[in-house]
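Taking it in order: structure first as structure tokens, then the write-up.
The values are calculated or read from the model by the stated rules, or taken from the named source; none is laboratory data. In this text, all values refer to a predicted model and were calculated from it rather than measured experimentally. Heads up, the Cβs are rebuilt from the backbone with ideal geometry, glycines too, and the neighbour counts pull from every protein chain shown.
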Amino acid sequence: MKQSKSLISLEDLTKEEIIKLMDLTTMIKHDQLYSMELLKNKSIGLVFQKPSNRTRVSFEVGISQMSGNCVYLGPEEINLGVRESTSDVAKTLSRYLDGIVARTFTHQDVVDLAKHADIPIINGLSDLYHPCQALTDIFSIKERLQRLENITVAYIGDGNNVCHSLMLACAKVGIHINIATPKNYEPDQAIVDTALKYAQETGANIKVTQSPEEAIEKSDVIYSDVWVSMGQEEENAKRINDFDKYQINEELVKLANPNYIFMHCLPAHRGQEVTEEIIDGEHSIVFDQAENRLHTQKAVLNFLFNTWGAF
Ligand code: CP
Ligand code: NVA
């Protein structure tokens, strides 16, 4: 019987575990645990079906900093479900590796890897979720604002993987979130319902609207993501047209709290979802956010392997 834990979505973590993960991330970031060989003799595979800068590099560097070994397996090597079945990939890699970070198109591929593997699977982005990003995001919010209480996040754009995980993370820790998307680009209703259930326990407010102005009003954090996610390239022209009114720019941010912070998971398209003035301006924390992927994921690996002993 399989014993390993996986991180497929934020639903896999309790509020208490998320808080502990954030504390561990702080310790890792500020060097207390830097030199410990927490992944010694462990090999982690990166099974990536899509391109990546931050996720790939931050996992590879983080694993190496903890004395682990990393094996990158791009679409040319492991063509999930095409070259061989996802279950055969999971069973084979379980014989070599201690864990897998998977970046896939369909979310079911990550679920199937976890179902058939004997080792922890970490979702490094699927079409439905991006949990490592969301854990980093709430860590970055707490780091910058020094609290989790009385914070409102305004997510403006596509109700996509990043939006889903951010909404769940906020709901789990009690951060209010307003989501503004064009009609037909709303977050998945089943995931909104799950977030609402968590929000009942933590007191978070979750609002989904089509009005960017309503969402951003008096917000402390403004968040955006690309309008065209990986795999949606054929919809490029339609999406750019549909999202036209959802750009974060000087005019829109006037409605936010004057001390707002701007966040973006990156990669970004300046001139589309956000203007250069905003993403490169004084309120933006996007590169702190990118850096924090490294520290957060080191904490996640320790959580899944229990090499630190806090969980
Ligand atoms: N934010 C993020 O996941 O970036 P990459 O796609 O470059 O990994
Ligand atoms: N929503 C984007 C996030 C990239 C990190 C995508 O899936 O392409």
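A few notes on this one:
- Selection status of ASP225, closer than 26 Å to ALA290 by Cα, among the acidic types (Asp, Glu) and in contact with a strand residue (DSSP E or B) (Cβ under 6 Å, 6 or more places away or on another chain): no
- Of residues in region 26-59 being within 11 Å of ligand 1 (Cβ to nearest atom), within 20 Å of ILE119 (Cα to Cα) and not aromatic (Phe, Trp, Tyr), the one surrounded by the fewest Cβ atoms within 10 Å (Cβ to Cβ): ARG56
- Residue that is acidic (Asp, Glu), buried (at least 23 other Cβ atoms within 10 Å of the Cβ) and under 15 Å from the mean Cα position of the chain (by Cα), where the choices are ASP127, ASP158: ASP158
- All told, GLN146 falls short of being within 12 Å of ligand 1 (Cβ to nearest atom), among the polar types (S, T, N, Q) and either buried (at least 24 other Cβ atoms within 10 Å of the Cβ) or modelled with pLDDT of 95 or more (or both).
- In region 98-120, the residues that are hydroxyl-bearing (Ser, Thr, Tyr) form Cβ pairs under 6 Å with partners that are buried (at least 22 other Cβ atoms within 10 Å of the Cβ), at six or more places apart or across chains, as follows: THR104/GLN49; THR104/VAL110; THR104/SER126.
- Tally of residues being under 28 Å from HIS283 (Cα atoms) and crowded, with 21+ Cβ neighbours inside 10 Å across region 196-205: 2
- Number of positions in region 75-90 that are surrounded by 14 or more Cβ atoms within 10 Å (Cβ to Cβ) and away from ligand 2 (no atom under 16 Å from the Cβ): 7
Residues checked against (1) within 14 Å of ligand 1 (Cβ to nearest atom); (2) surrounded by fewer than 19 Cβ atoms within 10 Å (Cβ to Cβ):
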| position | (1), (2) |
| --- | --- |
| GLU213 | no, yes |
| TYR223 | yes, no |
| TRP227 | no, no |
| ASN249 | no, yes |
| ARG270 | no, yes |
| ASP280 | no, yes |
| HIS283 | no, yes |
| ASN302 | no, no |
